[in-house]
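Rule-based calculations on the coordinates, nothing more; no lab input. It should be emphasised that the depicted structure is a prediction, and the values quoted were computed from it without experimental measurement. Neighbour counts are summed over all protein chains in view; Cβ atoms, including those assigned to glycine, are modelled from backbone coordinates with ideal geometry.
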Number of protein chains: 4
Amino acid sequence: MKNTIGNSLTVTLFGESHGKAIGAVIDGISSGIKVDEDYIANMLSRRRPKDALSTPRQERDEFSILSGVFEGYTTGTPICISIPNADTHSSDYGQMQYKMRPSHADYTANCRYNGFQDYRGGGHFSGRITAALVAAGAIVLPALNKKGIYIGTHIKSIAGINDIDFTNNKEIIDISKKDFPVLDETAKDKMQQKILEAKSQGDSVGGVLETAIIGLPAGVGEPWFDTVEGMLSHAIFSVPAVKGIEFGLGFDFADKCGSQANDQMYVDGDSVKCYTNNNGGVIGGITNGMPIVFRAVIKPTPTISKEQKTVDINTMSDTTLEARGRHDPCIAHRAAVVVESVAALVIADMLTTKFGTAWLAKFE
Amino acid sequence: MKNTIGNSLTVTLFGESHGKAIGAVIDGISSGIKVDEDYIANMLSRRRPKDALSTPRQERDEFSILSGVFEGYTTGTPICISIPNADTHSSDYGQMQYKMRPSHADYTANCRYNGFQDYRGGGHFSGRITAALVAAGAIVLPALNKKGIYIGTHIKSIAGINDIDFTNNKEIIDISKKDFPVLDETAKDKMQQKILEAKSQGDSVGGVLETAIIGLPAGVGEPWFDTVEGMLSHAIFSVPAVKGIEFGLGFDFADKCGSQANDQMYVDGDSVKCYTNNNGGVIGGITNGMPIVFRAVIKPTPTISKEQKTVDINTMSDTTLEARGRHDPCIAHRAAVVVESVAALVIADMLTTKFGTAWLAKFE
Amino acid sequence: MKNTIGNSLTVTLFGESHGKAIGAVIDGISSGIKVDEDYIANMLSRRRPKDALSTPRQERDEFSILSGVFEGYTTGTPICISIPNADTHSSDYGQMQYKMRPSHADYTANCRYNGFQDYRGGGHFSGRITAALVAAGAIVLPALNKKGIYIGTHIKSIAGINDIDFTNNKEIIDISKKDFPVLDETAKDKMQQKILEAKSQGDSVGGVLETAIIGLPAGVGEPWFDTVEGMLSHAIFSVPAVKGIEFGLGFDFADKCGSQANDQMYVDGDSVKCYTNNNGGVIGGITNGMPIVFRAVIKPTPTISKEQKTVDINTMSDTTLEARGRHDPCIAHRAAVVVESVAALVIADMLTTKFGTAWLAKFE
Amino acid sequence: MKNTIGNSLTVTLFGESHGKAIGAVIDGISSGIKVDEDYIANMLSRRRPKDALSTPRQERDEFSILSGVFEGYTTGTPICISIPNADTHSSDYGQMQYKMRPSHADYTANCRYNGFQDYRGGGHFSGRITAALVAAGAIVLPALNKKGIYIGTHIKSIAGINDIDFTNNKEIIDISKKDFPVLDETAKDKMQQKILEAKSQGDSVGGVLETAIIGLPAGVGEPWFDTVEGMLSHAIFSVPAVKGIEFGLGFDFADKCGSQANDQMYVDGDSVKCYTNNNGGVIGGITNGMPIVFRAVIKPTPTISKEQKTVDINTMSDTTLEARGRHDPCIAHRAAVVVESVAALVIADMLTTKFGTAWLAKFE
């Protein structure tokens, strides 16, 4: 289904970095969900570059809900959110029509679209498209919250500097209030210093984001293919620069014995809990009622100002490139709200499949 | 789509560990692909437990192609492959109807299916279902090979013992001939020793599998959602025990600068290549013509003979469990052919989307 | 999705007329639905040729549920029903490998599958495949009945002989007990006479089936594309020989004024009803609580014994054909249970989408 | 998939009659298709009410292509076309929030969306949404034309007045140039007179549209479910007021013998043709190379000025309604271009599935 994700609640993305607008269409959503435009604006502002840590490109992200919302509530018909592009400096990208930025999608886009792609500013591959994802996520997140489901993402590491772990639900719920979502304030300073160092060298750095989802009932997901891990990973790999995802202990499982790794269980009132959460809340592809925990690695931004060897696909010859234009020395911190939004959309989709079309707006 | 994967070429899995049969239905495949039953049997034998390293359950995997193949070639209509279950010891699992095996899907299946699941031997969650995936993969793999596309998986590590890396295409093509697919024979001995140690202690170990796919053209995949990474990960997380997946440098990207991590490019005849392959052959969700490289972590088998704390969901009380029945001290080596099969099905699906219904059987 | 229908509850068909088996896989069904094998057998017997009105091919339709049912209830995992082929006279069809039967799928199958199709007995295009559809329908129909939803089909006409209309719900519920489902017994005799006449002349006749669905709540369906009419017609056109479908007044709407055609409304207790049902229970693509009523036209069976002009695709030359082999002089009466089954599957799918995965088995 | 149609080339509709904008997103289209904004404007003008035969609501349909087109060609990424709403008289519809128009979707929308639907002017159910369908169709039609595929629709009948039939390909190709697409000019006058009569009485009339598609190769379509008839009907039933569809002889098959109805075949050079086209170009769900011919019945517009019995869902009481607001005495003639557009999108989808992502823009 190409640029659409979801089975029951779907999101389709459209738009190019330097076109008229980017946007998203959400279909299959419950009628009767309250839509808070201030909340959407606030989510968008979390994604927006704001300080020396990010690109100087400034977009106001003045979104417009073209359809599917009436008198402040979702109608249940498709919601189209459009975000016009404003601060575009297309001339910065002139040299990039043929000079392929290494590790950016310039070359693969050219192969995929036979040269017809809008190459300006990364076109449809631009991180800017994630603003539409965030706006879409901001429609469903408050409905999930009302159901007691919260999603929080912190920066697990940037450039080798590590944050501490979530220790309680309040931290997961509150982390979204932070512009630079780190639990350990001293780690935050060191990370930002690393980013500024990279920037000063015309270079970039990567990191790891860790996301926790709390409040989901046990029994969500499917055994084969539409596993919780499969559904989340399918969507999360669309967040630009993500190159890996792991749940619970993830790659650390490789060196553990079963007796260390297994999550032993106990009865707690009328529910079942685990002493540990090594499986990150998902077993056999299905939620077990423990928090879902996953980590996504964000590669260093490929656009850097250092000279790199590359090709000119017009002349089919070797050349070099020092990127001009505006770019981010790190996008891990800006990606946190994108990951939360994508996770919200996937979870809302899986719950809609399980509980039906009207469930997301139903409160007892 | 629950138990179905794929957009254009789809695979649906059915069956329970101790039911009449397990199987797969492949739809959307080209007509005119030669089907080699010996090859399928050989693929299935690679997955089958064979020695002291695995469960003593012995299944002959006598598959039957019920439809979609005529006079040795695919007809283009749905192929149903059925594999009857033979060597079932259901009584071993009697105690497990209510006693939930920690980190196994017993409890989540009970939540998902409200107690109606076939609990014997893990039911629909059993690793046995992967035999059907392998049979399905064995239908498409020879067609991919004819197109010059090969998929090889080696054991990157088991219980902390590491293999060396692939160094050339021949190793990738030939690795499938090995029962225990490791490049470094000394690592193989150490890994097997670790597995037997775990077994002697009633415990289990995990590992990491690394897969390379060669021969794919540049330009396969989609920018948003149906990225190569998203499509592969969606499917690979269905391989039981997989808890993480990473492409190229994967989680090692976190500590790299852009200038170290970027894959610089050069012209090689009439094609474009990269000096490095840190992105594992995928940029912007789309193939760049370099080998696709990904790693999946396999958690230690959850079924172990050691006493573990768990719950009895019939009485809703705490209890303990020492698993009886037949189980594997490690499944990483058996999972290699499953990962190859799943990857083959995903790649065949993406190529069918790109090039159309008849392409897979078309040779110039 | 080719050989699969449904969004939430899907059915995939496989098999060829003279292959090992035909069958269906149902995915997305609720766990906890009672499965009655006698009921399935009875539904299959309604489809089976039984007397001089039909082909002499006798299949016992001994189905086998390979998966997804445990201790008499659906598990919620995919159900594979396999029906082995027994009474195959492949030699009857020898001449038909290259001689295309007019108005049958021989030629189009050859174009679609490039000559690799199993041509024996119509292969995957055979009406025999509908046995699998009926078996699948027989899994969901009792669950719908428990919800108060019933589906009845009568023969509206055969060869110009018309039946009377349904006048009450009891007739709709009871019609399935009849082997030759006609409300007016005198019309039945005349229809059967017409069929036997056609048979004696080596010819065939067509007819119209009318289906009513009662008990559906108002509010099922979608405005664009997944309308009730769109979903039903998509599936019903797969019933072999169906060439048209109409809802309510159908084509008679063309000559009506709005003031005649509109269904005026009134309040009846706490529900809303219409004085008439010209829209056949669907307005704007969505159920209005009135019975769904649609008619499907069944073309005369294309396989006839009279000499017809056709082509030999081996020699690419004109030729003639007098079909041998066993065939039906009319299939309208046998198709009634197929249409009911298909409608049941579509309705079950739409209700699963609306009310969620577990709804079909939930009874208050 | 609710408001989306298509497997490989998909269209999603959004918008409400009196909201900010309506529109469509097309995904999966080939890159490199020339986009002609004048052609789109012309197609939209064919749908637009223009004279005394239609509603006085005047929309300029000033569409804006927000994405997916760059320098006059499709990029291959999603195309979002937005058409702002301008001439909205919402106050006309004030009384209609609770008074349900008989045979219009007011009541079913209220059931489906639990009262949250935008009720103004029919909201998401308005015929106005079809402008977006036409704009989407106008993107793919020129590409189909370049492949030699043409789609023509004429008014087969309105209010009992019949047109003659298509007799050659030129008529099919040229019919789109007519505002009121009828082959027999005398029939046109009579039809228009009937419409004006109905209008003068505050009433409305219905009709039948007949569509022919020429130039398709044999071998397009699938045997089960994704038949050509199933795919087209699924989409065509979304055209508001369509209540039936038939292919070839359609319901006239019911009274024919096989020997009359079968399309006998002959060799014509290196292709195979039929002496007749009773099957309307589709056999076994798959094209046979003859023109596809289908008819759709359009019910009389439900909104009429005559007094009708209906309900007030606020007070849950019986009431009457004489519709005010602007409405059409007939929509059959305006629907012709909508049916062509929908058919174009379905055919483009099926060809994209068959021949791959890039085919639609590839010309030898």
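Things worth noting here:
- Among the residues of the stretch C:110-141, those that are more than 16 Å from the chain's Cα centre (by Cα), assigned to a loop (DSSP other than H, G, I, E, B) and either without any contact (Cβ under 8 Å) to a residue 60 or more places away in the chain or within 18 Å of residue C:328 (Cα to Cα) (or both) comprise C:114, C:115, C:116, C:117, C:119.
- Only one of the numbered conditions (1) facing chain B (nearest Cβ under 7 Å); (2) over 13 Å from the mean Cα position of the chain (by Cα) is violated by residue A:233, and that is (2).
- Considering the stretch C:97-110, and only residues there that are within 17 Å of residue C:315 (Cβ to Cβ) and of a type outside the set (Lys, Arg), the residue that is surrounded by the fewest Cβ atoms within 10 Å (Cβ to Cβ) turns out to be C:97.
- Near pairs, Cβ below 6 angstrom, 6+ apart or cross-chain, from the stretch B:300-328 (on the phi > 0 side of the Ramachandran plot) to any residue that is among the charged types (D, E, K, R): B:325/B:92
- Each residue in the stretch C:105-122 was checked for being more than 7 Å from every other protein chain (Cβ to nearest Cβ) and either over 21 Å from residue D:281 (Cα atoms) or not small (Gly, Ala, Ser) (or both), and 5 pass.
- Only residues that are surrounded by fewer than 22 Cβ atoms within 10 Å (Cβ to Cβ) and either more than 30 Å from residue D:123 (Cα to Cα) or aliphatic (A, V, I, L, M) (or both) were counted across the stretch A:61-79, and they come to 1.
- When the stretch A:198-233 is filtered for residues that are in contact (Cβ under 8 Å) with a residue 12 or more places away in the chain, polar (S, T, N, Q) and farther than 23 Å from residue B:297 by Cβ, the ones remaining, listed by number, are A:201, A:204.
- In the set (1) farther than 16 Å from residue D:3 by Cβ; (2) within 14 Å of chain D (Cβ to nearest Cβ), residue A:40 fails one condition alone, (2).
- Residue selected from the stretch C:1-10 under the condition in contact with a helix residue (DSSP H, G or I) (Cβ under 8 Å, 6 or more places away or on another chain) and assigned to a strand (DSSP E or B), by the criterion nearest to the other protein chains (Cβ to nearest Cβ): C:5
- Matching residues, the stretch A:166-208, being part of a loop (DSSP other than H, G, I, E, B) and over 20 Å from residue A:306 (Cα atoms): A:166, A:167, A:168, A:178, A:179, A:180, A:181, A:182, A:183, A:184
- Within the option set D:185, D:210, D:171, being out of contact with any Cys (no Cβ under 6 Å at 6 or more places or on another chain) and within 14 Å of chain C (Cβ to nearest Cβ) holds for one residue only, D:210.
- Residues that are crowded, with 24+ Cβ neighbours inside 10 Å and part of a strand (DSSP E or B) within the stretch C:11-23 comprise C:11, C:12, C:13, C:14, C:15, C:22, C:23, listed in sequence order.
- Flag for residue A:286 being within 25 Å of the chain's Cα centre (by Cα), under 22 Å from residue A:342 (Cβ atoms), among the hydrophobic types (A, V, I, L, M, F, W, C) and within 7 Å of another protein chain (Cβ to nearest Cβ): yes
- Residues within the stretch A:174-229 that are of a type in the set (Ser, Thr, Tyr) and out of contact with any strand residue (DSSP E or B) (no Cβ under 8 Å at 6 or more places or on another chain), tallied: 2
- Test: residue C:180 is touching a helix residue (DSSP H, G or I) at 6+ places or on another chain (Cβ under 6 Å), more than 22 Å from residue D:258 (Cβ to Cβ) and of a type outside the set (Asp, Glu): no
- Qualifying position, being at the interface with another protein chain (Cβ under 9 Å from one of its Cβ atoms), within 30 Å of residue D:3 (Cα to Cα) and of a type outside the set (Ser, Thr, Tyr), among C:339, C:272: C:272
- Residues in the stretch A:215-230 that are of a type in the set (A, V, I, L, M) and either in contact with a Gly (Cβ under 7 Å, 6 or more places away or on another chain) or at the interface with chain B (Cβ under 7 Å from one of its Cβ atoms) (or both): A:218, A:228.
- Residue C:242 falls short on exactly one of the conditions (1) buried (at least 24 other Cβ atoms within 10 Å of the Cβ); (2) more than 7 Å from chain D (Cβ to nearest Cβ); (3) within 23 Å of residue D:101 (Cβ to Cβ), and that condition is (3).
- When every residue of the stretch D:234-252 is checked against the conditions, at least one turns out to be farther than 29 Å from residue D:188 by Cα, touching a residue at least 60 places away in the same chain (Cβ under 8 Å) and assigned to a helix (DSSP H, G or I).
- Counting only strands (runs of 3 or more DSSP E) that sit completely within the stretch C:258-364, those holding 2 or more residues that are crowded, with 24+ Cβ neighbours inside 10 Å and of a type in the set (A, V, I, L, M, F, W, C) correspond to C:292-298.
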